[in-house]
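To keep things clear, I will list the structure first and then write my remarks on it.
The values are calculated or read from the model by the stated rules, or taken from the named source; none is laboratory data. Source: prediction; values computed, not measured. Ideal geometry is used to build each Cβ from the backbone, glycine not excepted, and the neighbour counts take in all protein chains shown.
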Amino acid sequence: MELDNNMLTTLVERWRRETHTFHLLKGEAMITLKDITLITDLPINGEAIIGSLKKPLAGWGAFILAHLGIEVPTEEQVERYARVYLIGLVGRVLFPNKSNRYMHCMWLPLLLGDRDDMGRKSWGSACLATLYAELCKCTDPNTKQPGGAMFIVQLWA
């Protein structure tokens, strides 16, 4: 899906960081958790997703190598490919940075940890919180490119 930059720019200009709402002609409007569920089908119930910007003791490189190594038995290899796919989905669709090509390493412990634990998380809440934070950053005139799941804003509008 290609983003409509003109529409997104217009909406960002109407975003108020104090209230996390868009100020439109008919009044204030906001993207809600229900909207996130309807648009993305992400769960909004469950444990909060809390990430840390702190590096693991051995560093991100060792953490990734330990969890995404290549020489593993077939069953484990399939699981690791699935995790790489999830990393791509999370990094490029739900929580992309401004380049839309990278994600922050803070998501890796959640994506590479216990599979059952991933399913208990409220991914929709994290997505909405990140989207609000990115919209707030966009109100800065020096910001050239938004991060976050801007496709949600476009579909919501």
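Quick notes on this structure:
- Selection within the range 19-76: residues that are aromatic (F, W, Y) and modelled with pLDDT under 75. The member of this set that is nearest to M150 (Cα to Cα) is W60.
- Inclusion of N6 among residues that are over 21 Å from the mean Cα position of the chain (by Cα) and farther than 11 Å from L135 by Cα is warranted.
- Pairs where the first residue, in the range 117-132, is assigned to a loop (DSSP other than H, G, I, E, B) and among the acidic types (D, E) and the second is surrounded by fewer than 19 Cβ atoms within 10 Å (Cβ to Cβ) and at pLDDT below 85, C-beta under 9 Å, 6+ apart: none
- Scoring Y132 on the criteria (1) among the hydroxyl-bearing types (S, T, Y); (2) touching a helix residue (DSSP H, G or I) at 6+ places or on another chain (Cβ under 8 Å); (3) within 21 Å of E47 (Cα to Cα) leaves a single failure, condition (2).
- The range 144-157: number of residues that are in a helix (DSSP H, G or I), of a type in the set (A, V, I, L, M, F, W, C) and crowded, with 16+ Cβ neighbours inside 10 Å: 5
- Residues located in the range 119-143, provided they are buried (at least 16 other Cβ atoms within 10 Å of the Cβ) and either farther than 14 Å from H20 by Cα or of a type in the set (S, T, N, Q) (or both): K121, S122, W123, G124, S125, A126, C127, T130
- Scanning the range 122-142 for residues that are of a type in the set (A, V, I, L, M) and touching a His at 6+ places or on another chain (Cβ under 8 Å) yields one hit, L135.
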